[in-house]
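Read the figures in this text as sums done on the coordinates, not as results from a lab. If you're wondering where the values come from, they're calculated on a predicted model, not measured in any experiment. Please note: Cβ atoms are built from the backbone with ideal geometry, for glycine as well, and neighbour counts cover all protein chains shown.
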């Protein structure tokens, strides 16, 4: 991954799970290198979210939902880009 600006702080979240997860309900948009949650859409969705689990953790996505593990782990990190 190369820095491509503009200068500022980039925030990342990494999720690990035994089952694939889908994030359609959270408004995830596919990107060239990373997928993103557009900030205006994310704020609107979060304000109206009433689910028992965090909106941006997604939901398990298995062929047999009854046997789909829901557990996941998540971590956040930031990278600061500076002007050369």
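Of all residues in segment 1-41, count the ones that are surrounded by 10 or more Cβ atoms within 10 Å (Cβ to Cβ) and part of a helix (DSSP H, G or I). Adding up the residues that qualify gives 3. If you go through segment 70-81 one residue at a time, do you hit one that is out of contact with any helix residue (DSSP H, G or I) (no Cβ under 7 Å at 6 or more places or on another chain), surrounded by 12 or more Cβ atoms within 10 Å (Cβ to Cβ), touching a residue at least 60 places away in the same chain (Cβ under 8 Å) and outside any loop (DSSP other than H, G, I, E, B)? Yes, some residue in segment 70-81 is out of contact with any helix residue (DSSP H, G or I) (no Cβ under 7 Å at 6 or more places or on another chain), surrounded by 12 or more Cβ atoms within 10 Å (Cβ to Cβ), touching a residue at least 60 places away in the same chain (Cβ under 8 Å) and outside any loop (DSSP other than H, G, I, E, B). The set of residues in segment 52-69 being in a loop (DSSP other than H, G, I, E, B) and surrounded by 10 or more Cβ atoms within 10 Å (Cβ to Cβ) consists of 53, 54, 58, 61, 62, 68, 69. Among the residues of segment 5-31, those that are more than 13 Å from residue 59 (Cα to Cα) and touching a strand residue (DSSP E or B) at 6+ places or on another chain (Cβ under 8 Å) comprise 5, 6, 7, 8, 9, 10, 11, 12, 13, 14, 29.
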